[in-house]
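Structure first, commentary second.
The values are calculated or read from the model by the stated rules, or taken from the named source; none is laboratory data. These figures come from a predicted structure and were not determined experimentally. No Cβ is skipped: glycine too gets one built from the backbone with ideal geometry, and neighbour counts run over all protein chains shown. The protein model used for the area step is the full one, side chains on, heavy atoms only, and it has no ligands, DNA or RNA in it. Shrake-Rupley method; radii C 1.70, N 1.55, O 1.52, S 1.80 Å.
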Amino acid sequence: MALYSDKVMDHFQHPRNVGKMENADGIGEVGNAKCGDIMRMYIKVDKDTQVITDVKFNTFGCGSAIATSSMATELIKGKPITEALQLSNKAVVEALDGLPAHKIHCSVLAEEAVRAAVRDYYDKNGISYGDELKACEGHCETCGHDA
Ligand SMILES: [Zn+2]
């Protein structure tokens, strides 16, 4: 039985939206200690509609981290911020047709990177947000919290 689905392999070998974004509206960087993944996500936001018009990411990490960040960018591109914030790591894993159980933590990173990028955008634009965005679930290098 193959350990990784075709979709995971595809996104790992041909990641979408890779790169650095100049003049990004929000940048989120998260990491996990378990396999040393570091993920940076850039978003471009249309100020009038609050729609994420472009997404880029740079991930230094394992194949699962790369595949999940790639899929996450696909899932939030062109979506309103409010919708992007609903993105759960579970949805990313489902979109990839699953991940091995011991690699699920890598997908948590993708969800957190999106939230961190939105938080950065909100901070830069003086938009207030609720505690749910301040709290970090799962693995957070900033506060050392580990789920
Ligand atoms: Zn990983």
Quiz item: Among the residues of region 77-88, which ones are open to solvent by less than 30 Å² (accessible area, probe 1.4 Å) and of a type in the set (S, T, N, Q)?
Solution: none
Quiz item: All but one of (1) away from the ligand (no atom under 14 Å from the Cβ); (2) surrounded by fewer than 24 Cβ atoms within 10 Å (Cβ to Cβ); (3) closer than 16 Å to residue 11 by Cβ hold for residue 103; which doesn't?
Solution: (1)
Quiz prompt | Pairs, first under 16 Å from residue 70 (Cα atoms) in region 20-37, second assigned to a loop (DSSP other than H, G, I, E, B) and within 16 Å of the ligand (Cβ to nearest atom), C-beta under 7 Å, six or more apart | solution = 30/140; 30/141; 31/37; 31/141; 37/61; 37/62
Quiz item: Which of (1) open to solvent by less than 40 Å² (accessible area, probe 1.4 Å); (2) more than 15 Å from the ligand (Cβ to nearest atom); (3) not in a loop (DSSP other than H, G, I, E, B) does residue 74 not meet, given it meets every other one?
Solution: (1)
Quiz item: Out of 56, 7, which single residue is under 14 Å from residue 118 (Cα atoms) and modelled with pLDDT of 95 or more?
Solution: 56
Quiz item: Of (1) within 16 Å of the ligand (Cβ to nearest atom); (2) more than 17 Å from residue 9 (Cβ to Cβ); (3) open to solvent by less than 50 Å² (accessible area, probe 1.4 Å), residue 122 satisfies all except one. Which?
Solution: (1)
Quiz item: Restricted to region 16-35, and to residues that are within 14 Å of the ligand (Cβ to nearest atom) and either modelled with pLDDT of 95 or more or out of contact with any strand residue (DSSP E or B) (no Cβ under 8 Å at 6 or more places or on another chain) (or both), which residue is least open to solvent (accessible area, probe 1.4 Å)?
Solution: 32
Exercise. Please give the number of the condition residue 41 fails out of (1) among the aliphatic types (A, V, I, L, M); (2) within 16 Å of the ligand (Cβ to nearest atom); (3) out of contact with any strand residue (DSSP E or B) (no Cβ under 7 Å at 6 or more places or on another chain).
Key: (3)
Quiz item: If residue 52 satisfies every condition in (1) outside any loop (DSSP other than H, G, I, E, B); (2) open to solvent by 30 Å² or more (accessible area, probe 1.4 Å); (3) touching a residue at least 12 places away in the same chain (Cβ under 8 Å); (4) not acidic (Asp, Glu) but one, which is the exception?
Solution: (2)
Practice problem: Please go through region 75-109 and pick out each residue that is touching a Leu at 6+ places or on another chain (Cβ under 9 Å), of a type in the set (A, V, I, L, M, F, W, C) and over 16 Å from residue 133 (Cβ atoms). | Solution: 75, 91, 92, 93, 95, 106
